[in-house]
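What follows is a single structure, written as structure tokens, with notes after it.
The values are calculated or read from the model by the stated rules, or taken from the named source; none is laboratory data. Note that the structure is a prediction, hence the values are computed from the model and not measured. Because the Cβ atoms are built from the backbone with ideal geometry, glycine has one as well, and the counts that use them run over all protein chains shown. For the accessible areas, the whole protein counts, side chains as well, though only heavy atoms, and no ligand, DNA or RNA atoms are used. Shrake-Rupley method; radii C 1.70, N 1.55, O 1.52, S 1.80 Å.
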Number of protein chains: 2
Amino acid sequence: MHSIVAKPLTADAFAPFGSVIQQAGAPHFPINAGSTERYHRLAVTQACQAEGEDNSAQTIISLFAGQPFDLPVTIELMERHPLGTQAFMPIDGHDWLIVVAATDSEPQPDDLYAFFATGEQGVNYARGVWHHPLLALNTVSRFVVVDREGAGNNLHECRLSEAVLVQGE
Amino acid sequence: MHSIVAKPLTADAFAPFGSVIQQAGAPHFPINAGSTERYHRLAVTQACQAEGEDNSAQTIISLFAGQPFDLPVTIELMERHPLGTQAFMPIDGHDWLIVVAATDSEPQPDDLYAFFATGEQGVNYARGVWHHPLLALNTVSRFVVVDREGAGNNLHECRLSEAVLVQGE
């Protein structure tokens, strides 16, 4: 079976796939007369209208509760959202796993990359970026999710020609 | 000094001011072949274009770190965002305090309402709703914030004619 090793999530390594939502290294400044520090614009959302559809696309906020996976994780299916970004920010402080593919066409096993995110790190998948559905680790983990709702098909799925095993370092 | 008592935050009580982002009572359904439960569309964002401005308005994701306040809290200034919603979801699990005003014109002391939010509850202030800047309680608390960025003035501030004291029950 094709196998990859998950690497620590960094903004640079993740740049081809979207933004990392984290305080470390982020631009920040005081607001509210100094009582709040704003770590600003860590991600920008997109919610595009589907071609020929009405003006229904919205950016919405949801909560996800993800069942935990155990390493090594077998990856068989990838998905992408052609009409919008999708952001995940953990709210329980637990580490989690991210698997993405570096291709615009149907992902092949060689295209996959895996990242370990800490419980302090969220991501915003750029529009159309192939990624695996949510992979909590160790324990049930909740996330704030910011994504698109509206008319049109915003979900592509692709079953890999061969499963990929994601291992820890 | 005018004084109000903070009440527990509920979706019904907060409805005139926006949405409560919480799992309790929310519509939810399994996704990702059952490995994730989605608490869906707890809030809808808005990022309006300012009149006569370019097409620059975006919905962005930031992190706020709020210094703690102690009860009773003295409220002197309120603010609102006429061009967009603003959502706050705690990520450290700490309780926090919300102060809003039930008026479209400049808020008077009699217009204020205060709510205790648990660390499991976020809110999305509806567009144009007067609210106090972030009020963490007890300890420094971090929040995911989803709000608008773009050309035009999206901040109105109003100093109250008389300070209002917010007390616990």
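A few remarks follow.
- The set of residues in segment B:147-159 being open to solvent by less than 30 Å² (accessible area, probe 1.4 Å) and of a type in the set (S, T, N, Q) consists of B:154 alone.
- Screening segment A:118-137 for residues that are under 25 Å from residue B:41 (Cα atoms) and in contact with an Asp or Glu (Cβ under 8 Å, 6 or more places away or on another chain) and picking the one that is nearest to the other protein chains (Cβ to nearest Cβ) gives A:133.
- Among the residues of segment B:74-85, those identified as within 11 Å of chain A (Cβ to nearest Cβ) and either farther than 14 Å from residue B:124 by Cβ or free of Cβ contacts under 8 Å to residues at least 12 places away in the same chain (or both) are B:76, B:77, B:79.
- Among (1) of a type in the set (A, V, I, L, M); (2) open to solvent by 10 Å² or more (accessible area, probe 1.4 Å); (3) within 14 Å of chain B (Cβ to nearest Cβ), the one test that residue A:71 misses: (3)
- Of B:120, B:162, B:106, all but one fail to be open to solvent by 10 Å² or more (accessible area, probe 1.4 Å) and assigned to a strand (DSSP E or B); the exception is B:162.
- Residue within segment A:135-146 that is outside any strand (DSSP E or B), closer than 16 Å to residue A:86 by Cα and open to solvent by 10 Å² or more (accessible area, probe 1.4 Å) present: no
- Looking across segment A:87-121, just one residue is small (Gly, Ala, Ser), over 23 Å from residue A:165 (Cα atoms) and in contact with a strand residue (DSSP E or B) (Cβ under 7 Å, 6 or more places away or on another chain), and that is A:87.
- Subset tally (residues that are open to solvent by less than 70 Å² (accessible area, probe 1.4 Å) and more than 13 Å from residue B:98 (Cα to Cα)) for segment B:12-23: 4
- For segment B:18-60, a tally of residues being within 19 Å of residue B:131 (Cβ to Cβ) and part of a strand (DSSP E or B) returns 10.
- Some residue of segment B:90-107 being facing chain A (nearest Cβ under 8 Å), at negative phi and aliphatic (A, V, I, L, M): yes
Each row is one residue, and each column tells you yes or no for (1) away from chain B (no Cβ under 13 Å); (2) in contact with a strand residue (DSSP E or B) (Cβ under 8 Å, 6 or more places away or on another chain); (3) not basic (Lys, Arg).
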| site | (1), (2), (3) |
| --- | --- |
| A:7 | yes, yes, no |
| A:23 | no, yes, yes |
| A:40 | no, yes, yes |
| A:47 | no, yes, yes |
| A:51 | yes, no, yes |
